[in-house]
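Data block below; observations after.
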Amino acid sequence: MRLPRRVTAPLLASILLAVSVAGCDSGGGSGDATEVVIGADLASGSAIDSAYARALQLRIEQVNASGQLGDRRLVLHVQDNRSDSTSSLRNISVFADDPRVAAIVTGSCGECVVDAAKTINDKRVPTIALAAPAEVSAPVNQRRYVFKLGPNPIDSAAALVAELQRTRTKNVALLYSDDLYGRGGHQVMSSALDKAGIEITESRTVKPAATDVSQAVGMLTETKPDALVVWTAPDQATLAATSAKAVKFGGRLYFDAAAAGDLFIPSGAAQATNNATMVFPQILAIDDVIATTPAKAARKQWFRDYTSRYGSYSGAAAFAADAVDLVADAVAQAGGDRGRIRDILETSQMDGLSGPIRITPDNHSGLMPQALTLLVARSGRWRLLG
């Protein structure tokens, strides 16, 4: 018996259609294969979560086609959380109560994972969070069943501050989103800047759903900083760049990893974003990378596969694909046994599509600092800096 395919918003409808087709056809069409379900708690209104859903489905199809799971095959079941913690908790509870669900992958809503952490632990369902805040996987003693993939705020801050030091930046202004991730980013960024002796001329918050950040950017640029650091989601980072250009800001622009969207910057913002620097894994500029190792070759192939299927590349895609690989490796060893899957995830090590991943009992956030590099916007797309 298959899980019902339910989602309420049109953004994910095409992806759910692909899920339904995959449920019938992938894995060589074997009707005798044992289905192992990955539940995905995503927001239909989020472009990042849409990229996650696409990547999850594509990677599941690739895993099934590879035969690495023997007579088992993965199936994706997506539920819409509307970026709402109550809806997310309901979805996670439904997934946890279904014995066919071996693991859950959650999307960009950090507050959703934090609010559901106790339920995840109580119901003992392994969960890989793709949300950015550090709190989704820490403290570990309260997140035994929660693991995180994606750049860590403290690592992003360290990479940005190192670049600010290299460019002899004396002071910066900081724009950040007024949510769990933005506030945490402001804290770690402020600490790192203080240690480096770089002054913050002004800090301003913007609401996560704000579609106009010009007032905040205007106030920040009035302080005449050498650089403007933007710690927001992709859409607001783009708005910040265009707002800074509108007021003729002459300093440099720096984005943290959460600002990463598609490879190609929206045409209306390409000129304003030109020469902006962003910290992110190299997968978003993989065309600039020479495949000197099997891991780099795999990243280039994934980039081509995703672009071929969906027409462009999203920076978020690799994290979701790595989540599938982690679950698949655990399922290959443990079947659908959630306790054993959790234990395997907790000691996982791999050179993932997003970079080196190491999870330990003391650290459930797997992406290593070495995965991060600096990208620069040139002619409407992201390139490796240097």
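Each of (1) 21.0; (2) 22.5; (3) 21.7 is a candidate for Kirkwood radius over Cα pairs in Å; the one calculated from this structure is (1).
The largest accessible area among Y176, Y254 belongs to the first residue in Y176, Y254, and the rest follow in falling order (1.4 Å probe, all chains).
Heavy-atom accessible surface of D71, to the nearest 10 Å², is about 100 Å², with a 1.4 Å probe and all protein chains retained.
Which whole-number value in Å² is the accessible area per residue of the chain, probe 1.4 Å?
41 Å²
Bridging of K170 to lysines at a Cα separation below 27 Å is possible for K195, K224, K245, K248, once same-chain residues fewer than 8 apart are set aside. Straight-line reach from K118: taking Cα to Cα under 17 Å and skipping same-chain neighbours fewer than 8 places apart, the lysines in range are K148. Shape class for region 296-375, computed from the alpha carbon gyration tensor (a ≥ b ≥ c): oblate, with a/c not under 1.5 and a/b at or below b/c.
Using 0.36 nm per residue and subtracting the Cα-Cα separation, the extra length available between D122 and T293 on full extension is 57.4 nm.
Peptides 275-285, 212-222 ranked from most to least packed give 275-285, 212-222, packing being the mean of other C-beta atoms within 10 angstrom over each peptide's residues. Between amide H atoms placed 1.01 Å from N, distances below 5 Å from Y313 occur with L263, F264, all of them 5 or more places distant or on a separate chain.
Spin-label model, N274/A162: points 7 Å from Cα along the beta carbon direction are separated by 2.9 nm. Separation of region 218-282 from region 152-203 is 14 Å, based on Cα centroids. Straightening the chain between Q187 and K245 buys 18.2 nm, computed as 0.36 nm per residue apart minus the Cα-Cα spacing.
The values are calculated or read from the model by the stated rules, or taken from the named source; none is laboratory data. Here the structure is a predicted model, which means the values were calculated and not measured. Positions of Cβ are backbone-derived with ideal geometry, glycine not excepted, and every protein chain shown enters the neighbour counts. Accessible surface is based on the protein model in full, side chains and every heavy atom, while ligands, DNA and RNA are left aside. Shrake-Rupley method; radii C 1.70, N 1.55, O 1.52, S 1.80 Å.
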